Ligand code: ADP
Ligand code: ASP
Ligand code: MG
């Protein structure tokens, strides 16, 4: 069966782009007006566009804080109802700014589009997107302006896709509509070798493979949400990251060409504000660990870099987002009587720095270099973990800038 894009070409239809604008890009009325100007110019030039907007910068945090004034752990359904409203403000403003420029535009919530998700409030996954309404608007020359980050579960409740989830909305719409490209417009000109706001020597990549991008995103490079990368790879959506503020080609996420993968480090991803929790096991037992991690999973806590070592006693450690520390310590305290848990220790203000490869990394060699480079800086590595294409290290947050700068330089990431 010919694809929508092929059919479009045969019928001489213009290209279809899904364009997503992040929080900073729609952060003020001036910025919305400036973007509307560009979208209007593309519309006049005959481009077909579906626009996806995030909430205005800071708005989702403000809404979360509002909920926090009522209860520390708000009911997940109500939290989603609350935090999904930020996007509704920006889509209405964007549609109005487009209409002012003579562009027929219509704002749509996730429910109006029919973006179907599962019921995992706060971190829902998109299962299906209906395209009827969008197709109808496009055929009438109307620009749909869709709220990112939100969907509806089978009961019709509002769900959200996790922080940064508007990227996933855009990719899911592009996949469902077989768009020519999904363009993620943001406050930097593309994907860099490291966060350009942290490492001034970071270099923009003209392209990056889906597997390296997924790993970068999963390990903290928030320029793309990891779900959006996985979704785009799965549904073969051409995906590009571009600046909302300046012209340029941005970064194209490319399908892996196994022959070109050389196992070199291509980027450094950072995940800050971590805490490490450790406890002694009084008696080694898988049941203890099973019950504890089940409890943590049930309340939605994600753990990482789990390790179990044995010297005089058996000790278990793992990292979590620092914001969960109080909750995790309370859980450990609650189970310490019934499970065989001894002393509990924790460390705060940690950061995970991950080296990501463009294929299988020679990990022993990379680890040797990393320990040498950081050792010379007097930086102590607290935990290490590796997988096929990454090596992740946990260090103190106050060493972050120095560590990233030294690693970026030593692995020659600023050179072409
Ligand atoms: P938006 O609001 O547009 O979704 P985000 O704040 O979610 O934008 O993502 C863009 C930010 O991602 C940049 O401002 C930058 O600080 C950060 N970032 C982290 N790692 C990278 C990277 N490797 N390349 C580009 N940006 C990165
Ligand atoms: N507004 C949401 C957030 O701040 C979603 C997004 O921006 O992608 O996380
Ligand atoms: Mg984002």
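In whole percent, what relative contact order does the range 295-416 give with Cα contacts below 8 Å and a gap of six or more residues? Walk me through the intermediate numbers first.
On the way: 119 pairs, mean separation 25.7, N = 122.
The value is 21 percent.
Normalised by the number of residues in the chain, what is the relative contact order in percent for Cα pairs under 8 Å and 6+ residues apart? Intermediate results must be reported in sequence, preceding the final value.
Values: 857 pairs, mean separation 55.4, N = 416.
That works out to 13 percent.
Suppose a student asked you for the relative contact order of the range 227-347, using Cα pairs under 8 Å spaced at least 6 residues apart; what percent would you report?
Details: 126 pairs, mean separation 34.1, N = 121.
Across the range 227-347, relative contact order equals 28 percent.
For the chain, set up a Gaussian network in which alpha carbons nearer than 10 Å are linked by springs, and say which option among 341, 83, 70 fluctuates the most.
Greatest mean-square fluctuation among the candidates belongs to 70.
What ratio of Cα Rg to 2.2 N^0.38 Å holds for the range 143-276? Numbers along the way, then the final one.
Values: Rg = 15.4 Å, N = 134, 2.2 N^0.38 = 14.1 Å.
Relative to the rule-of-thumb radius for its length, the range 143-276 sits at 1.09.
Please report the antiparallel percentage of the DSSP beta bridges confined to the chain, to the nearest 5. Before the final figure, lay out each step's value.
Numbers: 47 of 74 bridges.
Rounded to the nearest five, the antiparallel share is 65 percent.
Can you pull the Kirkwood radius for the range 312-362, inverse mean 1/r over Cα pairs, to one decimal in Å? Can you show the working numbers first?
On the way: mean 1/r = 0.0721 Å⁻¹.
This gives a value of 13.9 Å.
Which angle from 0 to 90°, rounded to the nearest 10, does the C-alpha axis of helix 363-376 make with the longest principal axis of the chain?
80 degrees
When the expected Rg is taken as 2.2 N^0.38 Å, what fraction or multiple of it is the alpha-carbon Rg of the range 252-349?
Values: Rg = 17.6 Å, N = 98, 2.2 N^0.38 = 12.6 Å.
Working it through for the range 252-349, the quotient is 1.40.
Å³ per residue of the Cα convex hull, for the range 304-389? Don't skip to the end; give the middle numbers.
Working: hull volume 11.7 nm³, N = 86.
Cα convex hull per residue, to the nearest whole number: 136 Å³.
Let's test this: bin the Cα-Cα distances of the range 169-217 at 5 Å from zero up to the farthest pair and state each bin's percent.
Per 5 Å bin, starting at 0, the Cα pair percentages come out as 5, 18, 20, 26, 18, 8, 5, 1.
Classify the range 42-158: rounded, prolate or oblate, from the alpha-carbon gyration tensor (a ≥ b ≥ c, eigenvalue square roots; a/c under 1.5 rounded; otherwise prolate if a/b is larger than b/c)?
Details: a/c = 3.35, a/b = 1.62, b/c = 2.06.
Taking the square roots of the gyration eigenvalues as a ≥ b ≥ c, the range 42-158 is oblate.
Bin all alpha-carbon pair distances of the chain at 20 Å intervals from 0 and give each bin's fraction as a whole percent.
For the chain, the pair-distance distribution reads 25, 53, 21, 1.
Considering all projection directions equally, how large on average is the shadow of the alpha-carbon convex hull of the range 39-78, in square nanometres? Mind showing how you got there, number by number?
Values: hull surface 16.9 nm².
Averaged projected area of the range 39-78's Cα convex hull equals 4.2 nm².
Rounded to the nearest 500, what is the 222 nm mean residue ellipticity of the chain from helices alone, with -39500 (n - 2.57) per DSSP H run of 4+ residues and division by all residues?
-10500 deg cm²/dmol
Over the chain, with a Gaussian network built from C-alpha contacts below 10 Å, which listed residue (310, 31, 48) shows the highest mean-square fluctuation?
Of 310, 31, 48, the most mobile in the Gaussian network model is 310.
Based on the alpha-carbon gyration tensor of the range 340-400, what equivalent-ellipsoid semi-axes (square roots of 5 times the eigenvalues) come out, in whole Å, largest first?
Numbers: eigenvalues 112, 51, 22 Å².
Semi-axes (√(5λ), whole Å): 24, 16, 10.
If you take the square roots of the eigenvalues of the alpha-carbon gyration tensor of the range 115-208 and sort them as a ≥ b ≥ c, do you get rounded (a/c under 1.5), prolate (a/b over b/c) or oblate? Walk me through the numbers on the way to the answer.
Values: a/c = 2.90, a/b = 1.52, b/c = 1.91.
Cα axes put the range 115-208 in the oblate bin.
What angle do you read, to the nearest 10 degrees and between 0 and 90, between the alpha-carbon axis of helix 286-298 and the longest principal axis of the chain?
Relative to the chain, helix 286-298 is tipped by roughly 30 degrees.
Would you mind checking the tilt of helix 166-177 against the longest principal axis of the Cα atoms of the chain, expressed as 0 to 90 degrees and rounded to 10?
Its long axis makes an angle of about 50 degrees.
Every read-out reported here was derived from the displayed coordinates using simple, explicitly stated rules and does not represent laboratory data. The structure presented is a predicted model; accordingly, all values stated were derived computationally and were not measured.
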